[in-house]
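*Asks:* First the structure, which I've put down as C-alpha cells, then a few questions once you've had a look.
The values are calculated or read from the model by the stated rules, or taken from the named source; none is laboratory data. Everything numeric in this text was worked out from a predicted model, so none of it was measured. Here Cβ is always computed from backbone atoms with ideal geometry, including for glycine, and neighbour counts include all displayed protein chains. Side chains are part of the model used for accessible areas, which takes the heavy atoms of the whole protein and leaves out ligands, DNA and RNA. Shrake-Rupley method; radii C 1.70, N 1.55, O 1.52, S 1.80 Å.
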Amino acid sequence: MSSSEPQRPSLGATPPPKERSLQDSLQYIKGVGPHIAEKLNKLNIRNVETFLRHYPKRWEDRTHFPSMAQVRPGEYVTLCGKVVAVSTRYTRQKLAITEALLDDGLGTVKLIWMNQPYMEKTFRALSSAQKEVVVYGQTKREGWSGSSYVLEMQNPEWEELGEDGDTLSANRIVPVYPSTEGLRQGRLRKMFYTTVQEYAPLVEEPLPPEILLRHKLVGVQHAIQQIHFPESQSQLAAARRRLVFEEFFVLQALLALRRRANSHDVSGISFSVNREELQQTLSNIVPFTLTNAQQRAISEIAANVTSGRAMNRLVQGDVGSGKTMVALAALLMAVQNGYQAAIMAPTEILAQQHAFLMSRLLEPIGIHVEVLLGSQTQKQKNRIRDRVITGLAQIVVGTHALIQEGVDFSKLGLVVIDEQHRFGVLQRQALALKGVRPHILVMTATPIPRTLTMTLYGDLDVSILDELPPGRKPIKTHWRSQEKREQVYKGAQTLIDEGRQIYVVCPLVEESEKLQAKSATQLAEHISLEVFPQYRVGLLHGQMRPDEKEEVMAQFKAHELDVLVSTTVIEVGIDVPNASVIIIEDAERFGLAQLHQLRGRVGRGEHASFCILVANPKNDDGVARMEVMTATQDGFRIAEEDLRLRGPGEFFGTRQSGIPEFTIADIFNDMDILAETRETAFQLVEADPKLIRPEHHPLRRALEKLRDNMGMMNVS
C-alpha cells in the first residue's frame, strides 16, 4: 500500500470498561440505534454477542481488482469501474430493463436490472459524479461485438467505492455481510468496526490452551478481529479455520458428553444373549443367509444390550440392505430375555408391513405380535392396550398411536424407531419413557453422509449396512425426456406381456395431499383408458382410507393388478418381487434421496429391473440430479451429492429439529476439520467427563450456551 493511500484503522483497541457486556443491546452501539437494531433482529441478531458472530458471507480483495478484459463468462467476480452509460427500456409486457455500462479503462461489463427503473436515476448520478463503483456477480455472455463477446451481469450486488471517504470499503480485504433491506454494506462495516474494537476483548476463550497449541489455532479474540477486518489473506484463513474448529469442537464435545451420559454413565437393562442360539433361531425363521454387514450390526447390538448400559444405536443402510432383519434379531434378544419390544413407524402402511412380516416370522415360534394404529376403532385399540399392559403382546408395532396416553407396557425393554428422520425428538422420547431406560435402536433407509452422521448422531453408536442381500439385482436407470414418454410406456408394455408388474409414480404437485390425490387419480384414469386399456390398473394415494390402501397393496402383491399408479406413499413399505419397472413422471420435481427411495421399490426379485426417469429439468440442479441417478446406485454417494446440492438444512426435505445451524462452518467443505474436532473432543471428554478441570470451565460454559440454543438432539 502506498503512503498516499488512506491508513487502515488500527484494531488494537484498549480493553473495554468492565460495565460493558456481550449481552448489551445493539441499540446502544455507536451508529446503530433502535431503528437499525430492529432491522438486525430480522437477521436473528439479538445482542452484541450474536452481532460479533454474524460473520461475513465473503471477502473482496480490494487491493487488486481483476481487469474486465480478463474476465470470462460464468465467473463470479468483483469488478471496479466508472459508469459511462445508463438507460431504461420497456418490453411489450411493460417490463422495465435498466442497463448501465461499467468501464475500467481496459474493458466494459453491462449491468442489468429487471423491473427496477429507479436504478437509472441512481446510476446516472454516479456517472455524473465520476464515482467508482464496485460490483459483484456472475458474468454471462450477452452477444458478440466485432471479434469479441460482450459480458453482462444481472442484478449485481454493488456499492460506491470508498463512499464518504470510507476507509473500511477500499484498499483492503473488505467484508461483505449477509444483510437485510435498508442496511447498506458501508454502514454495516462501520457498525461492525466499532463493535469489534469495543467488545472483541470481552469474548471468552472456550478452547483449552493445550488444544490451541496442539492444533496451531489463533486465539478467539484475534480470530474475531481478523474474520471481520482481515489484514491479509493468510490472517483471514487462520481466523476462519479457528472459528470453524471452535464451532465443530463445541458441538462434538456436547455430543461426546451425551453419548457418555446415555451409554457409559447410566445403567440400563442387561440382556443375556447366546450368540449361537440366536444365530440358529434366525437361520430357522429367515429364508436366506444374512450378509456380513447384517451379522456385524447384530453383533454390535448384542454387545450393547449385554453391557449393562442402555443402548442408543443408529442402523443405517441403503435401500434393500436388510435393516428389518437386523431389527428382528434385536426383537428376539428382548423377547428371549422376558421383555417387550415396540416398533414405531411413520406411516400406517409401513407399520402394517412390519407387523405382517414380524407375525409371519415370529408367530410360528410362539412370539405374539400386535399392531396399534390411529385408524383402528376404539374397541380394537382397547383390546390391544389390554394385551400390551398385561404383557401378552410381546412385540407391538404401531405409528404415533404407540405414544398416546393409555398405552402402557408391562415390561418394555427395546424401542425401535423406523425411518427415524420423520419423527421429532419429543416423539422418540415419549416412546422411550414408556419403559425404564429401554434399549433404543433407530433405523433409516435414507443413507446419511458421514458429515451429517457426525453432526446429527454423534451421540449414537452407528451400524452401517453397506452390502445388499444375495439375489438383489442392480436396477438399470434411464433418463428420458417427456417427448419420449410414449416409447417409455411401449417398453414397459413388453415387460407386462412377459408377466412383470410396473409402478407409475405421479408427479409431485403442491404440498397438498388432496391435490396430490387428485393428480394421481387423473393420471390413473389416463393410463387405464388411453395407455394400458388392456391391463389391470390400480391407484394408491395418501387420501385413501387405510383399509383401501391395504386392499390395493394386497391386490398388487397378489398380481391381481398389472400397473400401480401411486403418489410417494410407496416410497417406503411395499415389497413386491414381481414388480420390475418403476416409471417416475416429472422426476425433476423430486429430491435425490426420494428418487433413490422410489427406485428401491423394484429390484426385489429375480428379474432384471428398470427405473425410468421422465423429466425435462429446467435448471442445472435438476440436470445434476438426473445424471447422478443414472450414474450410480450407491445410496451413500447419492446422499453426499444430495447434501452438496441442497445443503444440510433441507437434506431431509424439511428442516428437522436437531440439525445445528452453523454460523461459519460448512459440513461439506470443512469435513476434514469436523473429523479432527470429533476425535479431539471425544478424547477430552474421556479424560475429563465432568469438565471439572479449571482449564475446561470456559468450554463448559460454551456447552451450556449451545445446549440452550439447540434444544434436545438425542433420542433418549
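*Asks:* Of the heavy-atom accessible surface of the chain (probe 1.4 angstrom), what whole percent is carbon and sulfur?
*Replies:* In the chain, the share of accessible area belonging to carbon and sulfur is 49 percent.
*Asks:* Tell me the label-point distance for the pair Phe668, Val84, using the 7 Å Cα-to-Cβ offset, in nm and rounded to one decimal.
*Replies:* Placing both labels 7 Å beyond Cα along the Cβ direction yields 3.9 nm.
*Asks:* If you don't mind, there's one more thing I want to ask. Could you state, as a whole-number percent, how many of the C-alpha pairs of region 254-411 are farther apart than 29 Å?
*Replies:* Value for region 254-411: 20 percent of Cα pairs lie more than 29 Å apart.
*Asks:* Please list the non-local residues whose amide H lies under 5 Å from the amide H of Ser410, H modeled 1.01 Å from N, same-chain partners needing a gap of 5 or more.
*Replies:* Counting only residues 5 or more places away or on other chains, the set is Gly391.
*Asks:* To the nearest 500 deg cm²/dmol, what mean residue ellipticity at 222 nm is calculated for the chain from DSSP H runs of n ≥ 4 alone, each contributing -39,500 (n - 2.57), summed and divided by the residues?
*Replies:* After summing the helix terms and dividing by the residues of the chain, the value is -11500 deg cm²/dmol.
*Asks:* Simple spin-label model, 7 Å along Cα-to-Cβ: Asn115 to Thr167 in nm?
*Replies:* 4.4
*Asks:* Okay, moving on. For region 264-334 and region 561-625, what is the separation of their Cα centres, given in Å?
*Replies:* Spelled out, the Cα-based centre of one part sits 31 Å from the other.
*Asks:* Now for a separate question. If you take the Cα atoms of region 444-585, find Rg, then find the Kirkwood Rh from the mean of 1/r over all pairs, what is Rg/Rh?
*Replies:* The Rg/Rh ratio comes out at 1.02.
*Asks:* Add +1 for every Lys or Arg and -1 for every Asp or Glu among the other residues with Cβ under 14 Å from the Cβ of Thr139, and state the total.
*Replies:* Details: positive: Arg72, Lys110, Lys140, Arg141; negative: Glu75, Asp104, Glu142, Glu152, Glu157.
Residues close to Thr139 contribute a combined charge of -1.
*Asks:* Rolling a 1.4 angstrom probe over the protein chains, ignoring ligands and nucleic acids, what is the accessible area of Arg260 in square angstrom, nearest 10?
*Replies:* In the full protein context, Arg260 sits at about 40 Å².
*Asks:* Just list whichever of Lys411/Lys690; Lys39/Lys618; Lys82/Lys190 have alpha carbons separated by over 29 Å in the model shown. Display every interim value, and only then the final one.
*Replies:* Details: Lys411/Lys690 32 Å; Lys39/Lys618 35 Å; Lys82/Lys190 24 Å.
With Cα atoms farther than 29 Å apart: Lys411/Lys690; Lys39/Lys618.
*Asks:* Which of the peptides 539-548, 209-218 is most tightly packed, and how do the rest follow, judged by the mean count of other Cβ atoms within 10 Å per residue? List each step's numbers first, then the result.
*Replies:* Numbers: 539-548: 16.7, 209-218: 13.8.
The densest-packed peptide leads the list: 539-548, 209-218.
*Asks:* Using the heavy atoms of the protein chains and a 1.4 angstrom probe, tell me the accessible area per residue for the chain in square angstrom. Don't skip to the end; give the middle numbers.
*Replies:* Values: 32330 Å² over 716 residues.
Value returned for the chain: 45 Å² of accessible area per residue.
*Asks:* Another question about this same structure. In the set (1) 14, 46, 34, 6, 0; (2) 15, 38, 33, 13, 1; (3) 16, 41, 33, 10, 0, which value of P(r) over Cα pairs in 20 Å bins from 0, in percent was calculated from the structure you see?
*Replies:* Matching entry in (1) 14, 46, 34, 6, 0; (2) 15, 38, 33, 13, 1; (3) 16, 41, 33, 10, 0: (2).
*Asks:* Something else now. Take peptides 36-42, 99-105 and line them up by average Cβ neighbours within 10 Å, highest first, as a rough protection proxy. Present the calculation step by step, with values, prior to reporting the outcome.
*Replies:* On the way: 36-42: 16.0, 99-105: 19.0.
Most protected by this proxy first, the peptides run 99-105, 36-42.
*Asks:* Apply 1/(1 + (r/R0)^6) to the Cβ-Cβ distance of Leu22 and Lys131, taking R0 = 35 Å, and write down the FRET efficiency to the nearest 0.05. Write out the running numbers ahead of the final one.
*Replies:* Working: r = 38 Å, r/R0 = 1.08.
The pair Leu22/Lys131 has a calculated efficiency of 0.40.
*Asks:* Please give the Cα centre distance for region 381-421 versus region 114-131, rounded to the nearest Å.
*Replies:* 68
*Asks:* Would you mind computing, in nm to one decimal, how far apart the modelled labels at Asp61 and Glu551 are, each placed 7 Å from Cα along Cα→Cβ?
*Replies:* Spacing of the two 7 Å Cα→Cβ label points: 7.1 nm.
*Asks:* OK, next. Beta carbons within 10 angstrom, averaged per residue: use that to sort the peptides 128-135, 71-78, highest first.
*Replies:* 128-135, 71-78
*Asks:* When a/c is below 1.5 the answer is rounded, else prolate if a/b is larger than b/c, else oblate, so apply that to region 371-418 with a ≥ b ≥ c taken from the square roots of the Cα gyration tensor eigenvalues. Numbers along the way, then the final one.
*Replies:* Working: a/c = 1.84, a/b = 1.17, b/c = 1.57.
In terms of gyration-tensor shape, oblate.
*Asks:* Hey, what did region 213-337 get for relative contact order, percent, Cα under 8 Å, at least 6 apart?
*Replies:* 25
*Asks:* Another one. Once fully extended, how much extra length lies between Asp497 and Ile692, figured as 0.36 nm per residue of separation less the alpha-carbon to alpha-carbon distance?
*Replies:* Roughly 63.0 nm would be gained on extension.
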